[in-house]
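J.: Structure provided below as structure tokens; questions to follow.
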Amino acid sequence: MMVRRRRPNKTAKKRKSAFPLWIAIVIVIAVGAVLIIFGNRKKHPKANEKNIKSAEIVDSSSIDFITRIDGAIMQAACDLGVSDDNLRWKRNKEIEQFPNTKFSNITMTVNSAFPMAHINYVLQHTIVDSGGRIMDAFDKKSGTELTIKVGYGGISTHQIKIRRRNSATIEPAYVALLIDDFGYYPVPIAKKFFELGIKFDASILPQGEYTQYILRELKNYDKIERMVHIPMEPKNYPKVDPGGGAIFVSMTDHEILRQAEKDISAIPGAVGANNHMGSRATENKRVMYQVLRAVRDAGLFWVDSRTTPYSVSEEVAITMKIPAVHIDHIIDPPIISADEIEQRLYRYCLDARRMPAMIINCHSSDTTYQILKKNLPTLKKYGIEFITVSEAIAKKSTK
């Protein structure tokens, strides 16, 4: 019996030989990919990988954050009267999440006149307002040292060490008090202001009930500058009366000029002038031009009392080549408590280092006097130097 021999399966043979070829192709591709990856790693060092990672974490606003916090710390140092010699800044290790930026260690030496609570408030308030986060703060050595750590999110970027020292220099802040309405309040109250022992400007009403008495008393106080407090029409006239010698928008040019000249001549020895009320009059260029003609001819400077945000008086004065400024702040506007006046006095005086000189307006009332008398000694300890308005104008003009 013959046994048939089975023919080999050609198809199966082909499949068997094709499988190793496929594996070989995959291996070749994989090896090539590995070579490419390792080749690129040699071209790009590991430090670059860190930068790529950082770029994914930190956006442009985060990088700007470092600059903002640097500026906030400098501003706080300025507000605290810290001299350049008492502010030391060191950049140490690089912050991984902030490319090309180093961690800052700052040492700030502040005069002991400033309580630590105030120093802490100024720094934290300024930093938080700039977008920073206080990550930690701890007091050492019974209130003479404070360390504050600042960061962005969970990333620490700055450490500030504050030291209080009696010997630390305080950079001065210049404040000119422009005190209005002399001649309206009785003389005994006015004399209290004169005896404060500081420089300031007394702005005197030309037809006030006590004006002549005030002028006689001022002869004994050479630290006090005289100004003319020119009454002008307010928007709520006649409900509110600016008083005798007032300038009204209904007047002719000639009438305005003559009345302004009379007001100025009523205060001999005056070096400057400002408006009493005048929210309507100071918005009118025609009116202010005539008033300022009299101011210019008398050789006075002009201060805009800013009784309206739309006043044109300073603008007109500058075009007429008259030395002119506006008040920076007022501490005792109508309907405000004594506590609020005191708070405003401190806040504005302590902000005065942010400009060459600050002009603070107030009124010659007994309430304002009591607040000044109580707080002037402390403000002087904080490096506040009181100057005249003419001195403030000179400092502002050289900024």
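The values are calculated or read from the model by the stated rules, or taken from the named source; none is laboratory data. Please read all numbers here as calculations on a predicted model, not as lab measurements. Glycine gets a Cβ as well: all are built from the backbone with ideal geometry, and neighbour counts include every protein chain shown.
J.: Where residues in the range 140-171 are within 20 Å of Thr126 (Cα to Cα) and part of a loop (DSSP other than H, G, I, E, B), which of them is modelled with the highest pLDDT?
T.: For the range 140-171, the residue satisfying everything is Glu171.
J.: List pairs: first in the range 322-336 and closer than 18 Å to Trp302 by Cβ, second of a type outside the set (Val, Ile, Thr) and part of a strand (DSSP E or B), Cβ under 6 Å, 6+ apart or cross-chain?
T.: Ile322/Trp302; Pro323/Phe301; Ala324/Trp302; His326/Asp304; Ile327/Asn361; Asp328/Met358; Ile330/Asn361
J.: Would you confirm, using the coordinates I've provided, whether Ile134 is outside any helix (DSSP H, G or I), free of Cβ contacts under 8 Å to residues at least 24 places away in the same chain, β-branched (Val, Ile, Thr) and under 30 Å from Lys381 (Cα atoms)?
T.: Yes; evaluated as a whole, the condition is true for this residue.
For (1) more than 27 Å from Gly243 (Cβ to Cβ); (2) small (Gly, Ala, Ser), each residue gets a yes or a no:
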{"site": "Ile148", "(1), (2)": "yes, no"}
{"site": "Ile155", "(1), (2)": "yes, no"}
{"site": "Arg165", "(1), (2)": "yes, no"}
{"site": "Phe182", "(1), (2)": "no, no"}
{"site": "Ile189", "(1), (2)": "no, no"}
{"site": "Phe194", "(1), (2)": "no, no"}
{"site": "Ile198", "(1), (2)": "yes, no"}
{"site": "Ser203", "(1), (2)": "no, yes"}
{"site": "Tyr213", "(1), (2)": "no, no"}
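J.: For residues that are touching a helix residue (DSSP H, G or I) at 6+ places or on another chain (Cβ under 7 Å) and part of a strand (DSSP E or B), scanning just the range 172-186, find the one that is surrounded by the fewest Cβ atoms within 10 Å (Cβ to Cβ).
T.: Tyr174
J.: Of the conditions (1) under 17 Å from Ala202 (Cβ atoms); (2) modelled with pLDDT under 95, Ser397 fails just one. Which one is it?
T.: (1)
J.: Select from the range 355-399 the residues that are in contact with a helix residue (DSSP H, G or I) (Cβ under 6 Å, 6 or more places away or on another chain) and of a type in the set (A, V, I, L, M, F, W, C) and write down the one among them that is nearest to Ser337 (Cα to Cα).
T.: Per the stated criteria, the residue is Ile371.
J.: Scanning for something at pLDDT 95 or above, of a type in the set (Asp, Glu) and closer than 30 Å to Lys373 by Cα, does the range 302-319 turn up at least one residue?
T.: Checked against the condition, which is being at pLDDT 95 or above, of a type in the set (Asp, Glu) and closer than 30 Å to Lys373 by Cα, the range 302-319 yields at least one hit.
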